[in-house]
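Mind looking over this structure? Questions follow.
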Amino acid sequence: MNGLGLVAMSTLLAVPAGAALLLVIVTNYQRGARLNVGAALLTLLAAAVLLQARPEGNLYLRVDDFNIYLILLNNLVSFTTSLFSASYIAHELETGRLTPAYLRFYHATYQALLFAMNLALLANNIGLLWVAIELATLVTVLMVGLYRTPAALEAAWKYFILGSLGIALALFGTILVYLAAQPVIGQGLPAMAWDRLLAKAAEFEPALLNLAFVFLLLGYGTKAGLVPLHAWLPDAHAEGPTPISAVLSGLLLNVALYAVLRFKMLMSANPAALAPGPLMAGLGLLSLLFAGLMLYRRGDIKRLFAYSSIEHMGIITFAFGMGGPLANFAGLLHMTMHSLTKSAIFFAVGHISQVKGTQRISTIRGLTVTHPALGWGLVLGVVAIAGMPPFGVFMSEFLVVSSTFARYPLLAVPLVLGLLLAFGTLLWRLNGMAFGHPDGGPAAPIKASLWPMRIHLALVLIAGIWLPEPLVAWFHHVAILLG
Amino acid sequence: MRGLAFDIAHFLAGGMVLVSFMLLYQDRVYALLNIFALHALVLALAVGWQAHTQEAPHLYITAAVALIFKAIVIPVVLRRIVQQLGIHRTLEVVGGVGRDMLAGTGLVALSILVMLPVTQGADPLAREDLAFALAVVLLGLLLMVNRHNAISLVIGFMSLENGLILAAAGARGMPLAVEISVAFSILIALIVIGVFLFRIRERFDSVDMQAMDAFREGRRK
């Protein structure tokens, strides 16, 4: 059993890394796209195997109850995104926005990003975690700037500067954690291994841990798009290729938040340290309210959904900041639901901006008339992300709100206000795009496969109606672990 | 001997803070690059000294990387970029030097006030090194915030990373993997930055960040 798990774990890392190298050589873009899908499928299978056969952790890598579900979710979404990407880039090539040489580069960086994210999720070593997230940042910077338009370069540059800054702060925090651990655990690698840290966290110098957590929260929080440091996110989403927007929103934000949560667990294990909850809840609430207000004036469809991602990361951070089994459960569920729904929306948005030839909301009209399948897909996606029943997002948001009401009724007021703001704006925007009169404009038929979007929406719908028993039990278990 | 080792370590780390201040008031591109090279040189010496006192040979690698890449290669490459792109040789200082100096002094005081009480249990050498390192990080941030051109941003970011390496070197026995990765990341960062600077030139005829800001959504309408 252990051997199988070890194979699966190395597959998760080796396949994307190998595929990234291989894709640099493959010149034919169709073959490249197929290879990309194949590699993503293989890693997804490896992740599924890992669910059954769990290898023992070492000082560098580890699979536990918490990360296994994110690994599975991550690889599922990256597989469906690779399917979407294959039909998306074919169109970009036709319209001449991308050349085959850029596509080669694009596929290689896509796999490199999967490698970095899998490494970050599997890492047991806080240094390795940092390296992986840094790699993911650098790779995504390159991807965001892919179109080489002035706006894309500006977005990539901004992302690069803010992302590196976040990464730098996180490294300082990591060094401080090591310094706190070193007198207790001793010098060297064990003092950076997360499981050893957790076991001994109670004996660490609390003041040092506090300071470290502030740096880590700000640092990784930048990558998760939390508000004071969110400025890169809308630009990066709007100007990069749409598959990248889907991966950024659906996966990379989760990975950054996952890093914060790992450190939050360390903090909670030390009774003398500052409670990390209020800090996270505060940042989360701020992000939610800010994004709710900002949603209102967006003119660009991808920017609109980028702000919606900030909003949802705010909700998730708030839920984990509240802590306790119920709020953590809601946070985990919301992480999953947001990931699936938002990437489905970006799949739809990618095709929409291709058929309409624009990302401006004001020029997109009457989609349900001109492109029924796509238009209704967008409607369902937005209805789901806005938090209407019967979709899964409703359930998780409901849990967040009700657990807040039960414990801190006053906090629930701004929370509900933020949710309602976002809800209203999204539906109002959707109304113009999906219904109304199509204004003549180009109504080219779509040649794309809509299956990735349909699969995601179906999963979200099923989760909203019925969550499988083992999944619930497992979410409960992790929620208790998170403290 | 122990006392002397201490003093030299402090002297070098304090020297980095001083050079960080010098970065703040440069108004010529070449002078900024030269001072950055000095910053990296002092870093290399400080890390080398840590390697010697901690008897940690792997830190010599970190020191060598700092010396070769940051003190020599990067300034030379950036100088060539400046020449090739024909960037203005003078830099605008937003808000004036006096304000920057005052803010910088405040940041140094802040980092000492924050770090020293927090690290009471830690090794005294690491402790004060860490306070200096935090000061260098914050001064790097200040430089990034107060400048609008790409070269100063890059220099600010790299001086900030120098502070991080100082902190990592001061943390006794911190595993090698991290140090290599830090050095590696700088290398990659340089490649990315290089690519960007060239592309920026291609598209804008300027490396002034305000020219890029004009492309933001709000102003595009």
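Hey, any hits in the range B:157-172 for a residue that's more than 12 Å from every other protein chain (Cβ to nearest Cβ) and either assigned to a helix (DSSP H, G or I) or buried (at least 22 other Cβ atoms within 10 Å of the Cβ) (or both)?
No.
Now a separate question. Can you give me the number of residues within the range A:22-73 that are among the aromatic types (Phe, Trp, Tyr) and over 19 Å from the mean Cα position of the chain (by Cα)?
At the first step, the residues of the range A:22-73 found to be among the aromatic types (Phe, Trp, Tyr) are A:29, A:60, A:66, A:69.
Those left that are additionally over 19 Å from the mean Cα position of the chain (by Cα): A:29, A:60.
Number of matching residues: 2.
Need at least 2 residues that are within 14 Å of another protein chain (Cβ to nearest Cβ) and of a type in the set (Asp, Glu) per element, so show me which helices (runs of 4 or more DSSP H) inside the range A:232-323 make the cut, counting only ones lying wholly within it. Steps first, answer last, please.
Values: elements: A:232-239, A:242-247, A:253-269, A:276-295, A:301-322.
By residue number, A:232-239.
As an exercise: evaluate residue A:58 against (1) assigned to a helix (DSSP H, G or I); (2) surrounded by fewer than 17 Cβ atoms within 10 Å (Cβ to Cβ); (3) of a type outside the set (Ser, Thr, Tyr) and give the number of the one condition it does not meet.
It fails just one condition, (1).
Also, I was wondering about something else. Could you tell me which residue of the range A:157-172 is nearest to the chain's Cα centre (by Cα), considering only residues that are at the interface with chain B (Cβ under 7 Å from one of its Cβ atoms) and of a type in the set (A, V, I, L, M, F, W, C)? Steps first, please.
Step one: of the range A:157-172, the residues at the interface with chain B (Cβ under 7 Å from one of its Cβ atoms) are A:157, A:160-161, A:164, A:168, A:171-172.
Now narrow it down to the ones that are of a type in the set (A, V, I, L, M, F, W, C): A:157, A:160-161, A:168, A:171-172.
Details: A:157: 21, A:160: 18, A:161: 20, A:168: 21, A:171: 21, A:172: 24 Å.
Going through the qualifying residues, I end up with A:160.
Out of everything in the range A:174-191 that is touching a residue at least 40 places away in the same chain (Cβ under 8 Å) and buried (at least 24 other Cβ atoms within 10 Å of the Cβ), what residue ends up being nearest to the other protein chains (Cβ to nearest Cβ)?
It comes out as A:178.
All but one of (1) surrounded by 24 or more Cβ atoms within 10 Å (Cβ to Cβ); (2) more than 19 Å from residue A:258 (Cβ to Cβ) hold for residue A:313; which doesn't?
(2)
Would a scan of the range B:74-92 turn up a residue that is surrounded by fewer than 22 Cβ atoms within 10 Å (Cβ to Cβ), under 25 Å from residue B:7 (Cβ atoms) and more than 14 Å from chain A (Cβ to nearest Cβ)?
Within the range B:74-92, none of the residues are surrounded by fewer than 22 Cβ atoms within 10 Å (Cβ to Cβ), under 25 Å from residue B:7 (Cβ atoms) and more than 14 Å from chain A (Cβ to nearest Cβ).
Another one. Return yes when residue A:214 is modelled with pLDDT under 90 and among the β-branched types (Val, Ile, Thr) and no when it is not.
Numbers: modelled with pLDDT under 90: no; among the β-branched types (Val, Ile, Thr): yes.
It is false that residue A:214 is modelled with pLDDT under 90 and among the β-branched types (Val, Ile, Thr).
Let me ask something additional. Tell me yes or no: at least one residue of the range A:104-126 is assigned to a strand (DSSP E or B), of a type outside the set (Ser, Thr, Tyr), touching a residue at least 60 places away in the same chain (Cβ under 8 Å) and at the interface with chain B (Cβ under 8 Å from one of its Cβ atoms). Outline the logic, then answer.
As a first pass, look at the range A:104-126 and keep what is assigned to a strand (DSSP E or B): A:123, A:125.
If we keep only those that are of a type outside the set (Ser, Thr, Tyr) too, we end up with A:123, A:125.
Narrowing further to those that are touching a residue at least 60 places away in the same chain (Cβ under 8 Å): A:123, A:125.
Now restrict to residues that are at the interface with chain B (Cβ under 8 Å from one of its Cβ atoms): A:125.
Checked against the condition, which is being assigned to a strand (DSSP E or B), of a type outside the set (Ser, Thr, Tyr), touching a residue at least 60 places away in the same chain (Cβ under 8 Å) and at the interface with chain B (Cβ under 8 Å from one of its Cβ atoms), the range A:104-126 yields at least one hit.
The values are calculated or read from the model by the stated rules, or taken from the named source; none is laboratory data. Just so it is clear, the model here is predicted, and its values are computed rather than measured. Ideal geometry is used to build each Cβ from the backbone, glycine not excepted, and the neighbour counts take in all protein chains shown.
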